[in-house]
């Protein structure tokens, strides 16, 4: 006899270190995620001065294929109100830059690969620039706190990016500040190494 248990019951069993017997199967397999935070001890996740970070997603692979959960409500992350999909037809297409003063953004590449650039301007005139490569070959979720410019460039044809936002579209449009993708210099070119 097979018994299906709810996801919350399965999580409770896992937290209690009581593994299900061979006759009990979860309705959905729980996801293990690893959050990589910046080294600065002054960066708390609830503060708008936070640095961007990535969450490594664990792929579940078996003979049928693979599965990874893109987002799961965690106390460390803001609540998501909107999910959207953006596609670039060709390699080298740039989207951005823009920033939001109140809105958090989370990004995941569903097909292809993208160079994600996040920039925080400071009072000293020298911006702080972070670059992340998101690809299906290494599933990760990029978390961009408010106050950071963000943009991306597709590194492959037909790249698809999933965006998650803490604001509705109407709220986001009222909190949208756009600048030229070239404002912070030559950050888009892929340089030989």
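Quick notes on this structure:
- Averaging Cα coordinates gives a centre for segment 179-193 and one for segment 108-136; these two points are 11 Å apart.
- Segment 28-178, relative contact order [Cα under 8 Å, separation at least 6], %: 32 percent
- Treating r as the C-beta distance of residue 68 and residue 158 and R0 as 22 Å, the FRET efficiency rounds to 0.65.
- Packing-based order for 181-187, 155-161, using average beta carbon neighbours within 10 Å, highest first: 155-161, 181-187
- Here the simple spin-label model places points 7 Å from the Cα toward Cβ, and for residue 101 and residue 174 these points are separated by 1.2 nm.
- Cα gyration tensor, segment 49-162 - rounded (a/c under 1.5), prolate or oblate: oblate
- Order of 171, 189 - criterion: other Cβ atoms within 10 Å of each residue's Cβ, fewest first: 189, 171
- Footprinting exposure proxy ranking of 62, 176, fewest other C-beta atoms within 10 angstrom first, gives 62, 176.
- 13 Å cut-off, amide nitrogen to a point 7 angstrom out along residue 135 Cα→Cβ, residues in segment 152-176: 155-157
Taken together, the values in this text are just the output of simple stated rules run on the coordinates, not laboratory data. As the structure is a computational prediction, the values presented were derived from the model and not from experiment. Neighbour counts run over all protein chains shown; Cβ positions are idealised from the backbone, glycine included.
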